[in-house]
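Q: One structure, as structure tokens, below. Some questions next.
The values are calculated or read from the model by the stated rules, or taken from the named source; none is laboratory data. Here the structure is a predicted model, which is why all the values come from computation and not from measurement. As a convention, Cβ positions derive from the backbone with ideal geometry for all residues, glycine included, and neighbour counts pool all protein chains shown. Just so you know, the surface numbers come from the protein's heavy atoms only, side chains and all, with ligands and any DNA or RNA stripped out. Shrake-Rupley method; radii C 1.70, N 1.55, O 1.52, S 1.80 Å.
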Amino acid sequence: AQFVALHDSLTQLPNRKMFAAFAGKVIDEAKHNNTQFAVMVIDLDNFKTINDLYGHEVGDQQLARVGEILSGQLRETDIIARLGSDEFAILETSIHQPSNAQEVAQRLISTVNNRTNALPDGSTISMSIGVSVFPDDGDKIDALLQHAETAMSKAKQGGKNNHLFFEQGMEASMRERRSIEARLRVAIENDGFTVNFQPIVDSATQSPQSFEALVRWEDDELGFVPPDKFIPIAEETGIIIDIGKQVLHKACSEAVKWPQHIRVAVNLSVVQFEQPGLLDTVKTVLKQTGLPASRLDLEITESIVLSNSERTLEILEKLKASGARISMDDFGTGYSSLSYLQSFPFDKLKIDRVFVSDLETDDNNAAIVKAVVAMGKSLEMCVVAEGVERNSQLARLRSIGCSEVQGYLIAKPMPGDMVEQFIKESRKPPHIVSA
Ligand code: C2E
Ligand code: MG
Ligand code: MG
């Protein structure tokens with residue numbers, strides 16, 4: 001009975017209670033001997049997705065396997081526990097902290113990565129680790145665990161599959177994130193998001209071809225929060241699934257009012273691809289709003305194609321088969337691997353604005369834009385330049401042969417009820433003269 005109360009039944013590892021009891025002794029000794037030790041909190045990356053996709057049995061197997069691998073990496077004086085769900089803790093006693101903890105953390109990450117059995121999609125387990133050090137980061141186990149946990153969350157935010165040491169500033173930024181998260185949940189319930197639309201026009205005639213839907217959020221307490229700030233938090237917490245649905249719905253119900261040759265572009269997050277049900281959501285929204293699939297562009301970023309590719313490709317193909325078109329957004333900013341352009345027939349490439357911003361003066365960027373336009377032509381993809389702010393950029397893009405442009409020069413994102421007026425006015429001759 002003693003063993004049961006102090007151990008976790010799935011991994012046979014000590015539980016939180018036993019960990020805390022053991023830590024008490026270690027703290028006493030460390031105080032007495034004036035030594036340091038490290039506490040690590042380890043959390044598996046994307047574990048919820050693994051459970052959702054492959055079921056709890058597969059999830060449990062992976063957890064047990066990770067517990068085994070981690071235990072095998074420790075010395076006798078260290079202790080490991082399973083804190084709960086997919087979270088482990090390690091108390092690492094070594095006289096050379098924190099440099100030793102650094103090495104151990106990296107080794108744990110790479111060992112688990114190499115030795116976990118591949119999932120059905122070929123991926124293996126990665127994890128994020130937060131480290132706190134006694135006595136600098138706390139002289140009680142609760143504080144040490146909490147600080148290690150904070151550092152672990154930061155490591156997740158920074159892209160996962162990594163370790164971070166606790167730093168003082170982390171807590172303030174965690175509080176801000178938590179308040180954004182809490183307010184996002186309120187906004188989801190209260191229909192608190194709106195959508196603006198930014199035209200994408202033909203570079204020669206400037207007639208609008210489509211409008212990109214861009215989410216906007218003005219909160220009662222936090223004020224206006226830009227998407228670059230809240231989207232990453234929404235992604236990390238899964239709230240993006242609901243935001244994405246609401247944006248898609250709003251975008252399609254506006255677009256159905258526009259002239260039939262004008263399309264709407266909606267951004268999709270990588271998290272929406274990790275969840276089952278994206279295809280159903282898109283189909284349902286199209287049905288509800290009455291927008292033909294052929295008028296919908298879905299914008300994805302390079303990270304989507306690079307993550308977990310087989311399944312992603314399958315979803316992309318199904319989305320495309322449903323009649324929607326797929327655009328590669330922010331092209332050039334990701335991992336610059338061109339091979340994925342072969343693996344999926346994108347309809348459109350959107351060149352990121354970093355290459356457009358100093359197009360007239362930076363020969364390297366001009367060369368990149370030229371190359372992308374040429375490549376787009378040969379692969380029969382429409383190429384759009386993002387972030388066009390000056391006439392001189394537009395002129396250059398036209399001479400390069402870039403077919404469509406988007407940016408403040410044409411128009412800033414506007415509320416849905418201004419779109420029809422914009423379309424009407426754009427029927428007049430182009431208002432921008434080429435330089
Ligand atoms: P994005 O998809 O690349 O969207 C284009 C961003 O560039 C928009 O910023 C737009 O306002 C901005 N922009 C357009 N023209 C210019 C210009 O001439 N100069 C400059 N400096 N900026 C320009 P926004 O609306 O702040 O959105 C930022 C990012 O947030 C988007 O980048 C997209 O990745 C994400 N996002 C926005 N709405 C959604 C959404 O509904 N779902 C998801 N998943 N992501 C979204
Ligand atoms: Mg976009
Ligand atoms: Mg973009």
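Q: Name the pairs: first residue in region 212-225 and part of a strand (DSSP E or B), second residue among the hydroxyl-bearing types (Ser, Thr, Tyr), Cβ to Cβ under 6 Å, at least 6 apart or on different chains?
A: So the pair list comes out as ARG216/THR194.
Q: Could you go through region 139-158 and let me know if any residue there is in contact (Cβ under 8 Å) with a residue 24 or more places away in the chain, within 21 Å of ALA81 (Cβ to Cβ), open to solvent by less than 40 Å² (accessible area, probe 1.4 Å) and out of contact with any strand residue (DSSP E or B) (no Cβ under 8 Å at 6 or more places or on another chain).
A: No: zero hits.
Q: Here's a follow-up. Can you pull out the residues in region 10-27 that are without any contact (Cβ under 8 Å) to a residue 60 or more places away in the chain and either open to solvent by 100 Å² or more (accessible area, probe 1.4 Å) or touching a helix residue (DSSP H, G or I) at 6+ places or on another chain (Cβ under 6 Å) (or both)?
A: Passing the criteria: GLN12, LYS17, LYS25.
Residues checked against (1) without any contact (Cβ under 8 Å) to a residue 12 or more places away in the chain; (2) farther than 16 Å from SER403 by Cα:
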{"site": "LYS320", "(1), (2)": "no, yes"}
{"site": "GLY332", "(1), (2)": "no, yes"}
{"site": "SER339", "(1), (2)": "yes, yes"}
{"site": "LEU349", "(1), (2)": "no, no"}
{"site": "ASP358", "(1), (2)": "yes, yes"}
{"site": "ALA367", "(1), (2)": "yes, yes"}
{"site": "LYS370", "(1), (2)": "no, no"}
{"site": "VAL373", "(1), (2)": "no, no"}
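Q: Could you check how many residues of region 1-51 are closer than 27 Å to PRO135 by Cα, polar (S, T, N, Q) and part of a helix (DSSP H, G or I)?
A: Result for region 1-51: 1.
Q: If you don't mind, another one. Report whether or not PHE37 is buried (at least 20 other Cβ atoms within 10 Å of the Cβ), touching a residue at least 24 places away in the same chain (Cβ under 8 Å) and among the aromatic types (Phe, Trp, Tyr).
A: Judged against the criteria, PHE37 is a match.
Q: I want to confirm something. Restricting to region 278-318 and keeping residues that are of a type in the set (Lys, Arg) and touching a residue at least 12 places away in the same chain (Cβ under 8 Å), which single residue is nearest to VAL384 (Cα to Cα)?
A: ARG295
Q: Look through region 226-236, keep the residues that are touching a residue at least 24 places away in the same chain (Cβ under 8 Å) and not small (Gly, Ala, Ser), and return whichever of them is nearest to ligand 3 (Cβ to nearest atom).
A: Ranking the qualifying residues of region 226-236, first place goes to ILE231.
Q: When only residues in region 366-418 that are hydroxyl-bearing (Ser, Thr, Tyr) and under 21 Å from MET328 (Cα atoms) count, which is surrounded by the fewest Cβ atoms within 10 Å (Cβ to Cβ)?
A: Of everything passing the filter in region 366-418, SER378 is surrounded by the fewest Cβ atoms within 10 Å (Cβ to Cβ).
Q: Okay, next question. For region 118-145, how many residues meet the condition of being assigned to a strand (DSSP E or B) and closer than 16 Å to GLU167 by Cβ?
A: Qualifying residue count for the region: 7.
Q: Can LYS424 be described as free of Cβ contacts under 8 Å to residues at least 60 places away in the same chain and either within 14 Å of ligand 2 (Cβ to nearest atom) or not basic (Lys, Arg) (or both)?
A: no
Q: Another one. Would you check which residues across region 253-292 are polar (S, T, N, Q) and surrounded by fewer than 16 Cβ atoms within 10 Å (Cβ to Cβ) and list them?
A: GLN260, THR284, GLN288
Q: When you go through ILE300, ILE304 one by one, which is the residue that is open to solvent by less than 10 Å² (accessible area, probe 1.4 Å), within 16 Å of ligand 2 (Cβ to nearest atom) and more than 21 Å from GLN406 (Cα to Cα)?
A: ILE304
Q: Working only within region 77-117, note down all residues that are outside any helix (DSSP H, G or I), open to solvent by 30 Å² or more (accessible area, probe 1.4 Å) and in contact with a strand residue (DSSP E or B) (Cβ under 7 Å, 6 or more places away or on another chain).
A: THR77, ARG82, THR93, PRO98
Q: Right, here's the next one. Just to be sure before I move on: is LYS250 within 16 Å of ligand 2 (Cβ to nearest atom) and open to solvent by 50 Å² or more (accessible area, probe 1.4 Å) in the structure I sent?
A: Here the answer is yes, as LYS250 does meet what is asked.
Q: Any residue in region 382-402 that is part of a helix (DSSP H, G or I) and modelled with pLDDT of 95 or more sitting within a Cβ distance under 7 Å of a residue that is open to solvent by 20 Å² or more (accessible area, probe 1.4 Å) and within 16 Å of ligand 3 (Cβ to nearest atom)? List the pairs, counting only those 6 or more apart or interchain.
A: Between residues of region 382-402 that are part of a helix (DSSP H, G or I) and modelled with pLDDT of 95 or more and residues that are open to solvent by 20 Å² or more (accessible area, probe 1.4 Å) and within 16 Å of ligand 3 (Cβ to nearest atom), the close pairs are ASN391/LEU409; LEU394/LEU409.
Q: With HIS7, HIS56 as the choices, which residue is without any contact (Cβ under 8 Å) to a residue 12 or more places away in the chain, loosely packed, with under 15 Cβ neighbours inside 10 Å and not hydroxyl-bearing (Ser, Thr, Tyr)?
A: HIS56
Q: Hey, another quick one. Of the residues VAL388, VAL384, VAL369, only one is within 16 Å of ligand 2 (Cβ to nearest atom), within 26 Å of LEU296 (Cα to Cα) and touching a Cys at 6+ places or on another chain (Cβ under 8 Å); which?
A: Result: VAL384 is the single residue among VAL388, VAL384, VAL369 that is within 16 Å of ligand 2 (Cβ to nearest atom), within 26 Å of LEU296 (Cα to Cα) and touching a Cys at 6+ places or on another chain (Cβ under 8 Å).
Q: Next up: Scanning region 205-247 for residues that are within 13 Å of ligand 2 (Cβ to nearest atom) and aliphatic (A, V, I, L, M), which turns out surrounded by the fewest Cβ atoms within 10 Å (Cβ to Cβ)?
A: The qualifying residue surrounded by the fewest Cβ atoms within 10 Å (Cβ to Cβ) is LEU214.
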